[in-house]
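K.L.:
Quick one: the structure is below, and I'll ask about it shortly.
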Amino acid sequence: MSSQGNSGAMLTTLKRIVQEMNRIPALDTALFRLASQVKQTLKVDSCSIYLADYDAQVFTLKATDGLHPDAVELVRIGFSEGLIGLVGQREEPLNIVNAHSHPRFKHYPEVKEESYNAFLGTPIIHQRKVLGVITLQQSEMRRFSEDEEAFLVTLAAQLALEITNADIRGALNNTSSVEAIVQQKNVRGIAGSPGLAIGFGFSPDKSINLKNYVIKRTRSPSQEIQRYRSGVEITRQHVDSLSLRLDDGIPDDVKSIFQLYHQLLDANSLGREVEEKIREGWDAGSSLKMVVDSYAARFQAMEDPYMQERAIDIVDLSDRILVNILSEANGQKVEEKRPTRDSILVAEEVSATMLAEFPRETLKGIISIRGSNNSHAAILARAMGVPAVMGCQNVSPSLLEGKEILLDGYAGEVIVSPERNIKAEFSQLIEEESAITERIDAEAGQPCESVDGCRMELYINAGLSADVEANADFIGSGIGLYRTEIPFMLRERFPSEQEQVALYRQVLESAPNLPITMRTLDVGGDKVLASSSLREANPFMGLRAIRYCLRNENVFRSQLKAILRASAFGQVRLMYPLVTSVEELLHANHLLDECKNELESQNVNFDSELPVGVMIETPSAAAICDLLAKHCSFFSIGTNDLVQYMLAVDRINNDIAYLYEPCHPAVLRALQRVIQVAKEKGVSVGVCGEIAGDPTFLPVLIGMGVEELSVAPPLIPEVKYVLSRTSTKDSAILLDEVFSCDQSNEVHACLKAFLRSTMASDD
């Protein structure tokens with residue numbers, strides 16, 4: 001058999017072994033089965049698995065087929081001892097013809113390995129942490145083949161996930177006896193909505209769902225069509241009532257999430273296809289299942305995270321329709337499970353409707369096993385001020401049901417069944433957070449300036465509902481980032497020029513004396529137009545933002561003219577996103593000039609001198625900011641994308657989320673260069689993105705000379721509070737300390753220490 005054929009066969013075998021292991025609930029049993037399967041598959045003399053014990057700093061033999069079985073759990077090899085320790089230290093495979101001759105070889109008489117010579121060991125690593133080592137041994141003196149090594153490396157990667165999942169499952173299921181030791185377990189996810197919460201896990205009853213529905217035929221298509229239509233109508237009424245239940249403080253455009261549900265309930269959407277299936281002889285539930293499965297599969301197959309999240313909405317809505325179909329058929333109403341105490345809502349995929357119908361008086365936090373911070377649930381949670389953690393992929397709702405949970409929406413961390421002292425500390429943090437919030441709110445009306453009188457222009461980010469945001473009690477110096485793409489994303493078609501003018505005018509008239517920075521259409525990446533059929537392998541590096549606009553000049557011209565026409569009603573600043581070259585900036589400015597000339601010829605009023613700026617959010621823009629400064633009047637540093645592109649880290653990928661680090665020295669140096677160049681060239685510069693609203697980061701920005709920030713409205717009081725206790729002199733000293741750091745963790749330590757000392761005066 002060819003090497004390619006061997007590889008294919010091994011991968012098939014590997015898949016089978018992993019699937020079999022997944023079906024075994026006990027990890028120890030699964031590891032023994034795995035060792036036997038690998039030994040048999042590769043026809044070696046021994047396969048063994050060692051797991052790391054970081055408390056004791058040893059690798060413990062957990063399973064083997066080939067070594068002496070009595071050695072299991074007894075043999076403990078130090079992290080720096082023997083060949084096992086060497087594999088762990090090197091974090092890479094070790095392939096040796098004769099293990100006994102290796103200088104790191106150490107004899108352990110208990111394992112009875114005297115007859116083995118050839119050795120292949122591979123580390124088991126998850127998120128940069130060595131969890132263990134898996135080994136192959138052979139009496140024959142030989143070097144294991146590339147296929148064998150590749151097989152073991154691939155298996156180790158799969159095994160790492162299984163060990164992590166089993167570790168968590170074991171800790172969460174440790175309720176077999178009263179005497180069982182309570183194990184606290186930390187579960188990591190993605191920060192979906194900031195805040196701290198304590199409550200008991202509560203998982204809504206989703207026993208009736210399309211996934212489990214058994215497909216059936218019908219002899220009464222007309223009756224099934226009527227049942228389907230009735231189920232849809234009941235669901236429509238329920239969605240309407242849920243929309244009305246949301247707090248008045250929820251922005252209108254956030255509430256418009258429910259407009260998507262109405263679109264899906266429209267007969268021209270799902271309905272037509274479902275009824276066609278019914279006419280083919282399937283019952284209502286089966287027809288709904290077949291159509292929805294097809295839709296959901298298409299969405300889930302898309303690379304774009306935003307579009308993947310739409311599958312959640314389709315499935316959730318359809319499950320609700322199914323419940324109402326079955327209720328209609330059986331003449332019985334399904335009794336809903338209700339929480340009776342402070343609860344953390346836990347579900348495989350938290351939907352907007354699920355969140356809306358949960359009693360607000362008991363809702364303390366949200367955990368979504370799947371999902372991202374772009375999901376509708378995360379958007380709603382932030383609007384409602386409810387802490388949320390998304391993407392906790394190593395657990396299931398059933399394991400969290402009824403468990404006491406500490407939820408950290410800032411760090412994306414969940415602590416299950418906490419120890420008494422941990423809970424006490426967390427409760428103290430919540431009290432401190434509440435006390436700080438009270439002090440911050442009390443000073444909300446104070447000027448936005450430092451201890452030594454340095455004023456900071458504080459703008460808000462808007463766009464989900466700028467009219468609501470702009471009418472808030474405090475909006476700072478204006479709107480530093482108005483996201484114009486939202487109306488485009490919520491429609492099945494592009495809004496007309498006149499529709500855009502009306503929208504932009506409304507925003508400007510809500511804050512008539514304040515500058516409004518309107519960012520031109522920023523789609524692509526994680527923001528997808530409903531009307532777009534574009535599918536890209538790597539959307540963050542593809543046709544997005546200014547690239548999209550310059551490719552689709554008709555769309556761009558329409559927006560530019562709309563913004564120009566609206567500028568007659570307020571103070572507009574125009575900003576281009578994701579500029580990477582001078583050519584792009586000049587091309588955009590050329591189109592802007594053409595739009596101005598067209599409006600002038602039509603005697604349309606507009607601000608002919610409106611300032612034009614660019615977002616600095618790519619390494620190339622940061623590198624050529626001196627060249628860009630010749631052709632614009634202001635910079636806005638978009639830190640979210642800048643960090644992502646500087647570090648080559650997908651900021652919404654949970655597997656590498658730990659690498660997304662705003663405190664990385666490369667990011668800090670890029671920020672400082674852009675700010676310095678802007679001041680030298682006479683170009684105003686501000687910062688938007690998460691860094692701008694981070695109180696810990698604020699002193700660094702002050703030290704760099706930033707005088708403009710654009711943040712989410714709820715963060716304004718906190719930013720002002722920290723600024724009022726910070727001096728420019730101390731910030732300059734901090735900046736020197738930060739730039740002396742080689743690593744991100746050192747920067748974090750500096751920033752936290754500075755903030756503690758600054759806030760000490762309040763204690």
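Per-residue answers, yes or no, for (1) in a loop (DSSP other than H, G, I, E, B); (2) outside the structural domain of residue 194 (by TED's automatic domain parsing); (3) touching a helix residue (DSSP H, G or I) at 6+ places or on another chain (Cβ under 6 Å):
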| site | (1), (2), (3) |
| --- | --- |
| 356 | no, no, yes |
| 365 | no, no, no |
| 372 | yes, no, yes |
| 380 | no, no, yes |
| 398 | no, no, no |
| 418 | yes, no, no |
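K.L.:
Looking only at the stretch 449-484, filter to residues that are of a type in the set (Asp, Glu) and not in a loop (DSSP other than H, G, I, E, B); which one of those is modelled with the highest pLDDT?
P.N.:
This residue is 457.
K.L.:
Oh, and also: With the requirement that a residue be buried (at least 19 other Cβ atoms within 10 Å of the Cβ) and modelled with pLDDT of 90 or more, what does the stretch 693-709 give you?
P.N.:
Selection gives 697, 698, 699, 700, 701, 702, 703, 704, 706, 708, 709.
K.L.:
May I pose another question? List the number of the failed condition for residue 578; all other conditions in (1) part of a helix (DSSP H, G or I); (2) of a type outside the set (Val, Ile, Thr); (3) at pLDDT below 95 hold.
P.N.:
Failing condition for residue 578: (1).
K.L.:
Taking the stated definitions as given, is residue 321 modelled with pLDDT of 75 or more, outside the structural domain of residue 411 (by TED's automatic domain parsing) and within 30 Å of residue 523 (Cβ to Cβ)? Spell out the reasoning first.
P.N.:
Working: modelled with pLDDT of 75 or more: yes; outside the structural domain of residue 411 (by TED's automatic domain parsing): yes; within 30 Å of residue 523 (Cβ to Cβ): no.
It is false that residue 321 is modelled with pLDDT of 75 or more, outside the structural domain of residue 411 (by TED's automatic domain parsing) and within 30 Å of residue 523 (Cβ to Cβ).
K.L.:
Oh, and also: Is it the case that the stretch 96-110 has a residue that's within 36 Å of the chain's Cα centre (by Cα), surrounded by 17 or more Cβ atoms within 10 Å (Cβ to Cβ) and at pLDDT 90 or above?
P.N.:
No, because not a single residue in the stretch 96-110 is within 36 Å of the chain's Cα centre (by Cα), surrounded by 17 or more Cβ atoms within 10 Å (Cβ to Cβ) and at pLDDT 90 or above.
K.L.:
I've got another one for you. Among the residues of the stretch 382-396, how many are part of a loop (DSSP other than H, G, I, E, B) and either modelled with pLDDT of 85 or more or closer than 15 Å to residue 187 by Cα (or both)?
P.N.:
Going through the stretch 382-396, the residues part of a loop (DSSP other than H, G, I, E, B) turn out to be 385-387, 391-396.
Imposing the further condition that a residue be either modelled with pLDDT of 85 or more or closer than 15 Å to residue 187 by Cα (or both) reduces the set to 386-387, 391-396.
The qualifying residues number 8.
K.L.:
Check whether at least one residue in the stretch 677-691 is in a helix (DSSP H, G or I), modelled with pLDDT of 90 or more, under 30 Å from residue 482 (Cα atoms) and of a type in the set (Asp, Glu), and report yes or no.
P.N.:
Within the stretch 677-691, the subset in a helix (DSSP H, G or I) is 677-681, 690-691.
After this cut, where a residue has to be modelled with pLDDT of 90 or more as well, the list is 677-681.
Pick out the ones that are also under 30 Å from residue 482 (Cα atoms) and you get 677-681.
The next check asks that each one be of a type in the set (Asp, Glu); those that pass are 680.
Yes: one or more hits.
K.L.:
I would also like to ask the following. Is there any pair with a first residue in the stretch 51-78 that is closer than 19 Å to residue 104 by Cα and a second that is outside any strand (DSSP E or B) and charged (D, E, K, R) whose Cβ atoms are under 8 Å apart and which are 6 or more apart or on different chains, and what are they?
P.N.:
60/73; 61/73; 75/110; 77/106
K.L.:
Oh, and also: When you look at residue 130, is it among the aliphatic types (A, V, I, L, M) and either in contact with an Asp or Glu (Cβ under 8 Å, 6 or more places away or on another chain) or more than 17 Å from residue 42 (Cβ to Cβ) (or both), yes or no? Break it down stepwise before answering.
P.N.:
Values: among the aliphatic types (A, V, I, L, M): yes; either in contact with an Asp or Glu (Cβ under 8 Å, 6 or more places away or on another chain) or more than 17 Å from residue 42 (Cβ to Cβ) (or both): yes.
Answer is yes for this residue.
K.L.:
Only one residue in 351, 368 is polar (S, T, N, Q), surrounded by 22 or more Cβ atoms within 10 Å (Cβ to Cβ) and either modelled with pLDDT of 85 or more or farther than 30 Å from residue 226 by Cβ (or both), so which one is that? Write out each step before concluding.
P.N.:
Numbers: 351 fails: either modelled with pLDDT of 85 or more or farther than 30 Å from residue 226 by Cβ (or both).
Just a single option satisfies the conditions, and that option is 368.
K.L.:
Ok, one more. Go through the stretch 145-163 and count every residue that is in contact with a strand residue (DSSP E or B) (Cβ under 9 Å, 6 or more places away or on another chain) and within 19 Å of residue 51 (Cβ to Cβ). Spell out how you get there, then give the answer.
P.N.:
Kept after step one, since they are in contact with a strand residue (DSSP E or B) (Cβ under 9 Å, 6 or more places away or on another chain), are these residues of the stretch 145-163: 148-149, 152-153, 155-157, 159-161, 163.
Those left that are additionally within 19 Å of residue 51 (Cβ to Cβ): 152-153, 155-157, 159-161, 163.
Adding up the residues that qualify gives 9.
K.L.:
Assigned by TED's automatic domain parsing to the domain that holds residue 508 and either at pLDDT 85 or above or among the small types (Gly, Ala, Ser) (or both), is that true of residue 412?
P.N.:
Working: assigned by TED's automatic domain parsing to the domain that holds residue 508: no; either at pLDDT 85 or above or among the small types (Gly, Ala, Ser) (or both): yes.
No.
K.L.:
Assuming residue 629 fulfils every condition listed in (1) modelled with pLDDT under 90; (2) small (Gly, Ala, Ser); (3) crowded, with 19+ Cβ neighbours inside 10 Å apart from one, which condition is it?
P.N.:
With (1) modelled with pLDDT under 90; (2) small (Gly, Ala, Ser); (3) crowded, with 19+ Cβ neighbours inside 10 Å applied to residue 629, the lone miss is (1).
K.L.:
Sticking with this one: Cβ-Cβ distance below 8 Å, separation of 6 or more or different chains: which pairs start in the stretch 593-612 with a residue that is closer than 23 Å to residue 635 by Cβ and in contact (Cβ under 8 Å) with a residue 40 or more places away in the chain and end on one that is among the basic types (Lys, Arg) and crowded, with 17+ Cβ neighbours inside 10 Å?
P.N.:
610/573
K.L.:
For the stretch 726-763, give me each residue that is surrounded by fewer than 19 Cβ atoms within 10 Å (Cβ to Cβ) and in a loop (DSSP other than H, G, I, E, B).
P.N.:
Within the stretch 726-763, 727, 740, 741, 742, 743, 763 meet the criteria.
The values are calculated or read from the model by the stated rules, or taken from the named source; none is laboratory data. Source: prediction; values computed, not measured. Heads up, the Cβs are rebuilt from the backbone with ideal geometry, glycines too, and the neighbour counts pull from every protein chain shown.
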